[in-house]
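A short worksheet on the structure shown next.
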Amino acid sequence: MNDTTGPGDAVLRAIRTRRVVRAMTVEPVDRRQLEAVLDSARYAPHAGNRRLHRYVAVTRPALLRALRMVSPGMLQRPRAAIVVCVDWARVESYGFGPANPGAYIDVGTAAATMLLAAHSIGLGAGPVTSFSRAAVGTLLNLSEGLRPELIICLGHPDRQQQPPMRRRGGQAWADLIQWERG
């Protein structure tokens, strides 16, 4: 890998060191930290700058436990969570159908930005996509047309967390890249 030097070093370092955190301490997430992570989503690329998403911040322990009960993919015990929802009424008002991938791509860019923001301020974070959308919508009392698409779990990383998994066999990174053919 060819390391670069220059003003972008901090960003590249954050990208290279961010990990999904599944072991979190019981220390609560400070509201200012949660607000900083939420605020970062507005700087993520959004198709046409239309802002077709809504973000629900969850900090109440009982509600976080309930979210875990309907989310088999939530292995961590977060102290806060951000539920990224698509406002399908707005999507349709712009003439996009449910098969248009734009809303989902924007979920991904917002999530990646929030994960990096959390990492940059010392929080552990992990995305969850395995959950009952209907149950989460009910638990959060979401408005008609809002559909939860991704949950970002937040907390302080537990120093006892297992190290990142090492790839077993498989392809090298360079094998996954194809350059255009002349």
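The values are calculated or read from the model by the stated rules, or taken from the named source; none is laboratory data. The shown structure was predicted, so the numbers you read here are calculated from the model rather than taken from an experiment. So basically every Cβ, Gly included, is an ideal-geometry build from the backbone, and we count neighbours across all protein chains shown.
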- Note on the structure: Of the residues in the stretch 47-56 that are more than 18 Å from Val29 (Cβ to Cβ) and under 15 Å from the mean Cα position of the chain (by Cα), the one that is surrounded by the fewest Cβ atoms within 10 Å (Cβ to Cβ) is Arg54
- Query: Can you find even one residue in the stretch 95-102 that is in contact (Cβ under 8 Å) with a residue 12 or more places away in the chain and more than 16 Å from Gly145 (Cβ to Cβ)?
  - Reply: yes
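Residues checked against (1) touching a Pro at 6+ places or on another chain (Cβ under 7 Å); (2) modelled with pLDDT under 95; (3) under 23 Å from Thr17 (Cβ atoms); (4) of a type outside the set (D, E, K, R):
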site: Cys153; (1), (2), (3), (4): yes, no, yes, yes
site: Gln162; (1), (2), (3), (4): no, yes, yes, yes
site: Arg166; (1), (2), (3), (4): no, yes, yes, no
site: Asp175; (1), (2), (3), (4): no, yes, no, no
- Query: Across the stretch 1-32, what is the total count of residues that are at pLDDT below 80, surrounded by 10 or more Cβ atoms within 10 Å (Cβ to Cβ) and either in a loop (DSSP other than H, G, I, E, B) or of a type in the set (Phe, Trp, Tyr) (or both)?
  - Reply: 1
- Residue by residue through the stretch 126-153, note down the ones that are assigned to a loop (DSSP other than H, G, I, E, B) and more than 24 Å from Asp30 (Cβ to Cβ). Thr129, Ser130, Phe131, Ser132, Asn141, Leu142, Ser143, Glu144, Gly145
- Residue by residue through the stretch 56-85, note down the ones that are more than 17 Å from Ser132 (Cα to Cα) and free of Cβ contacts under 8 Å to residues at least 60 places away in the same chain. Ala57, Thr59, Arg60, Pro61, Ala62
- Query: So, in the stretch 57-102, of the ones that are small (Gly, Ala, Ser) and either within 25 Å of Arg19 (Cα to Cα) or at pLDDT 95 or above (or both), which residue ends up surrounded by the most Cβ atoms within 10 Å (Cβ to Cβ)?
  - Reply: Ala81
- Query: Is there a residue in the stretch 103-124 that is among the acidic types (Asp, Glu), in contact (Cβ under 8 Å) with a residue 60 or more places away in the chain, in contact with a strand residue (DSSP E or B) (Cβ under 9 Å, 6 or more places away or on another chain) and closer than 20 Å to Pro72 by Cα?
  - Reply: no
